[in-house]
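In what follows, a single structure is set out as structure tokens and then discussed.
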Amino acid sequence: MKYLSTRGGMPPKTFTEILLGGLATDGGLTIPDVYPRLSREELAAMRGMNYRDLAFEVIRRFADDIPAADLRAIIDKTYTAEVFRSDDITPVKTLEPGLHILGLSYGPTLAFKDVAMQLLGNLFEYVLEQENAEINILGATSGDTGSAAEYAMLGKKRVKVFMLSPLGKMSPFQTAQMFSLQEPNIFNIAVKGVFDDCQDIVKAVSNDLEFKARHKIGAVNSINWARVTAQVVYYFKAYFAVTESNDEKVSFSVPSGNFGNVCAGHIAKEMGLPIHKLIVATNENDVLDEFFRTGAYRPRPETLHTSSPSMDISKASNFERFVYDLVGRDPAVVKDLWQKVEGGGSFDLSTTPYFARVKEFGFTSGESTHANRLETIRNMYQKYGVMIDTHTADGVKVGLEHRETGIPLVCLETALPAKFDETIHEALGRHAERPADLADLEKRPQRYEVMDSSADAVKRFIVAHCA
């Protein structure tokens, strides 16, 4: 399989050639030249597979330049009961007939990002060993990506991690998960700004191709294609878990900020998984909801700080991959649209033939507020005895609004409630349980650097610490 750029300016590359990087050389995102399509027979053979077998069947189609035995070993090393607390990896919880929660938060950092990031860490290690190389990972996080990346890269000799996060904008648990790490290959940078400032810095550094090459800058944010590939797997897992036949359709409700999680669902659908609807659930930062309702994509000048902070994003990086498919995979159109966005503007597809295709791809959307989150958390606990976190609550609220009779609805869990205990306490009057090994997390010593929102300042820090 060959990978191209959404903006058309990168020569075709293999999976391992794009693995360590983030943006393509022309500023676009890497994407397969064609999505692999599964036959009815192949789909039937996948039903009943355990998670590791399923992951191998999906991922090998995208990473076909890694020898099958090596890829199998990497996957088997990644998806274990020791890492994900059970051999099921992503368990499905049925609340009532036709309504389910896909548990994605049983990895080391209690968030769905672990499912992809643990694989990414092992893939990085494999490729770096093969190439006798080192890498400096630069990333940005609004809450969960950072800790998932850092825990995935802990102690890896050929990797250093420089993770940007918005100062004071994550939950105390999320902050402590990252800043309490003392390993010498982990560097936390708290930026005076919001997540989008952090993301803009990562893009600015990545677009400095000379600096990127000289200092071996790689990426683990959701713009990294391997992460999206890993996330495709659990859509297959959930589909098989809640259906009895591959003739059935299933809808998925996905809490969405940077669009990576639901983009994986889009790819699963393009591969032939019988998905009915992909329901995009946003918080008050509703740029994605506005697009799917109106056709206008308008990144906000200000990002609101909410009680589902991992979705406090006003420019959704992975959205470019979906728009590439939406406009018929025409890189010239994508390049023109994103030149407007990167110039501080917006675009509107409502009067174009492209916007009509949104429904063909199965997308719909909705918004959730703090009051909605509190109400949903209470209702889920009272009705089903299930405690959910704030982001999952956004997904459940919007998902139920779009639920259709006879179509199973799977709501994707994004984190365990312990990560957002303040809001859980506000909703339920009690604290969320947490694993015993994390009981004193917020009290542990923290190590981080506070920095202005400046790409140059981040570059200087990287140079000083990557020698």
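When the alpha-carbon atoms of the stretch 152-287 are used, the pair Rg, Dmax equals 18.2, 53 angstrom. 3J(HN,Hα) couplings calculated from phi for the stretch 156-164 with the Karplus curve 6.51 cos²θ - 1.76 cosθ + 1.60 (θ = phi - 60°) are, in sequence order, 6, 5, 9, 10, 10, 10, 10, 10, 8 Hz; Gly and Pro show x. Applying 0.36 nm per residue to the separation of GLN446 and ALA204 and subtracting their alpha-carbon distance, the gain on full extension is 84.3 nm. Helices in the chain that qualify as membrane-span-like (whole DSSP H runs, Cα extent of at least 20 Å along the helix axis, mean Kyte-Doolittle hydropathy of -1.0 or higher) are 113-131, 225-242. Here the simple spin-label model places points 7 Å from the Cα toward Cβ, and for ASP348 and GLU82 these points are separated by 5.7 nm.
The GluC sites (Glu not before Pro) found in the stretch 105-138 that occupy coil by DSSP, while having at most 16 further C-beta atoms within 10 Å, are GLU134.
Entry for the stretch 113-212 at q = 0.18 Å⁻¹: log10 I(q)/I(0) = -0.85, Debye formula applied to identical alpha-carbon scatterers, no solvent contribution. Close amide H contacts of LEU95 (hydrogens built in the peptide plane, cut-off under 5 Å, sequence separation of 5 or more or a different chain): HIS100, ILE101. In the structure shown, the pairs LYS77/LYS216; LYS113/LYS249; LYS2/LYS397; LYS2/LYS203; LYS216/LYS315 are assessed against 32 Å; a Cα-Cα span above that value is assigned to LYS2/LYS397.
By the helix-only formula, in which each DSSP H run with n ≥ 4 contributes -39500 (n - 2.57) and the sum is divided by residues, the chain has a 222 nm mean residue ellipticity of -12500 deg cm²/dmol. From the alpha carbon centroid of the stretch 85-119 to that of the stretch 130-167 is 22 Å. Phi angles across the stretch 86-92 convert, under the Karplus curve 6.51 cos²θ - 1.76 cosθ + 1.60 with θ = phi - 60°, into 3J(HN,Hα) values of 6, 6, 6, 6, 10, x, 9 Hz, Gly and Pro given as x.
Every number in this text was worked out from the coordinates using simple rules, so none of it is lab data. Keep in mind it's a predicted model, so treat the numbers as computed, not measured. Reconstructed Cβ throughout: ideal geometry from the backbone, glycine too, with neighbour counts over all protein chains shown.
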